[in-house]
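Notes follow once the structure below has been shown.
The values are calculated or read from the model by the stated rules, or taken from the named source; none is laboratory data. As the structure is a computational prediction, the values presented were derived from the model and not from experiment. Remember, those area values only see protein heavy atoms, side chains included, never the ligands or the DNA or RNA. Shrake-Rupley method; radii C 1.70, N 1.55, O 1.52, S 1.80 Å.
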Amino acid sequence: MTRPLIQLPSLFFCLSLFHAILSVAVAARPLNCSDTKPTRRSLLNNGLGLTPQMGWNSFNHFPCTLNEELIRETADAMVSTGLAAVGYEYINLDDCWAELNRDSKGNLVPKASIFPSGMKALADYVHNKGLKIGIYGDAGTQTCAKTMPGSLGYEEQDANTFASWGIDYLKYDNCHNNGESPQDRYSKMSKALLNTGRSIFFSLCEWGQEDPATWAPAIGNSWRTTGDIKDNWQSITSRADQNDPWAAYAGPGGWNDPDMLEVGNGGMSTEEYRSHFSIWALAKAPLLLGCDLRSLDDETLGLLNNKEVIAVNQDKLGVQGKKVKKDGDLEVWAGPLSGHRVAVVLWNRGSSTASITAKWTDIGLKSSTVVDVRDVWTHSTIPSVSGQLKATIDSHACKMYVLTPQ
Ligand code: GLA
């Protein structure tokens, strides 16, 4: 018998090695001109998500403990804290909002013990605040918490139900999926939502398992690239890294989603939360708040309502910033903005204070360019800077800048 030249296990090893080398190479290389344009070819034609979505979702702080009073109070708080005024607009219900079983006609039924007024009344309440409302479903037979049915096989019916309630956003999860292809399962719901005639933002929650960045732009407005985030440093750094290699696939209409924000949930320091928020903003991630908006402290609000950081996230050019340089735990992340500006984050992921330098060539600027450097956290400007940016940065902290060429 002739032996194949390369045996299968070694072929897999070589391929994984190649992929690993490629990922590292992609993970930290200087920006160049081709980085300034999205490479996606097809877009979901629903007119939504031209910038990353902003809002709130119940899961990070209230996993399976939501109810209509919480949702109404959160909508109230979104407005009274001023967060609505800086761009947060969606109030999104996550898992556990429905009864375990469908009704006799096969419809999903809001759980009467926690949503006694029904979803239409809740949507009206949220809309009357000038906000939008999102709901959660699953591309399988049951949702992840197993407390309510999934929409597999019921896509048209459930999409019509959501539209009839006035729902504006669907987060669509991936549990109990019978091993069916995600492309098929998610495409069915995408079409069903379009067929309703209502504008419904479609957020895929496939956890990045089958590289959704490569196929989801045609059917959704955002797609998770990672498993679930947790309120700790290891979780946010690893989610940032797993999301980063997909940068070229994001752009107006569809965004990579490294999961919702943990800012304000108490597990990290203010500087760690500042890093979390800065990197999510630079990476054009959805800005979905995950804390209790009814009891925000001033520090948390001061992170979440920073208009200059939000403006980086919502910049109309819509190019995801990425890791362009790495020296151990010291990293430079950068991305182009409209008007030939550049956003830069110097990020110290190490355990001691250190100095980080970004040369113009690292961040896509010509060496001769002179820029005004705006620190978007201290709200101060250093005029006429050439060649490089250098700063001393505390452990787990970052500095974030917008550079405007003169
Ligand atoms: C999955 C999702 C989470 C959340 C839970 C709800 O784990 O990834 O974001 O929606 O299900 O049960």
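List of remarks:
- Figure note: C144, C398 ranked by solvent-accessible area, largest first, 1.4 Å probe, ligands and nucleic acids not counted: C144, C398.
- Heavy-atom accessible area ranking, 1.4 Å probe, most first, across W255, W246: W246, W255
- Solvent exposure of the chain, expressed per residue, is 42 Å² of accessible area, with all protein chains present and a 1.4 angstrom probe.
- Computed over region 268-406: relative contact order in percent, which uses C-alpha pairs under 8 Å that are six or more apart: 24 percent
- Between V319, V345, V109, the GNM of the chain built on Cα springs shorter than 10 angstrom shows V109 fluctuating the most.
- Dividing the convex hull volume of the alpha carbon atoms of region 338-406 by its residue count gives 81 Å³ per residue.
- Of G140, G251, G179, the one that fluctuates the most in a GNM where the chain has Cα springs shorter than 10 Å: G179
- Largest-first principal axis extents of the Cα set of region 55-128 (Å): 43, 25, 17
- Across region 255-359, the volume of the C-alpha convex hull divided among the residues equals 112 Å³ per residue.
- Cα-based helix-to-principal-axis angle, 270-282 vs the chain, degrees rounded to 10: 90 degrees
- Between helix 119-128 and the chain: long-axis angle, C-alpha atoms, 0 to 90°, nearest 10: 50 degrees
- Plainly put, region 130-261 has a radius of gyration that is 0.96 times its Kirkwood radius, both from alpha-carbon atoms, as the Rg/Rh ratio.
- Pairs of Lys residues in region 78-165, spaced 8 or more positions apart or belonging to different chains, with C-alpha separations under 22 angstrom: 7 in total.
- Debye log10 I(q)/I(0) for region 204-308, one point scatterer per Cα, at q = 0.16, 0.17, 0.18 Å⁻¹: -0.67, -0.74, -0.82
- Radius of gyration and Dmax over the Cα atoms of region 260-315, both given in Å: 10.4, 30
- Once C-alpha pairs closer than 8 Å and six or more residues apart are averaged by separation and normalised to the residue number of the chain, the relative contact order reads 16 percent.
- For region 189-255: span of alpha carbons on each principal axis (Å, largest first): 42, 24, 20
- Directionally averaged projected area (region 157-225, Cα convex hull): 4.3 nm².
- The chain - share of DSSP beta bridges that are antiparallel (%, nearest 5): 60 percent
- In this view, the solvent-accessible surface of W215, computed with a 1.4 Å probe and all protein chains in place, comes to about 40 Å².
- According to the calculation over all Cα-Cα pairs in the chain, the P(r) per 20 Å bin from zero is 27, 55, 17, 1 %.
- Expressed as a whole percent, the accessible surface of the chain that belongs to carbon and sulfur atoms is 54, based on a 1.4 Å probe.
- Of D95, D124, D184, the one that fluctuates the most in a GNM where the chain has Cα springs shorter than 10 Å: D184
- Listed residues E331, E210 arranged by accessible area, highest first, probe 1.4 Å: E210, E331
- Candidate lysines for bridging to K323, where Cα separation is under 29 Å - those fewer than 8 sequence places away on the same chain excluded: K37, K171, K230, K284, K307, K359, K366, K390, K399
- Against the main long axis of the alpha-carbon atoms of the chain, helix 182-195 sits at an angle near 70°.
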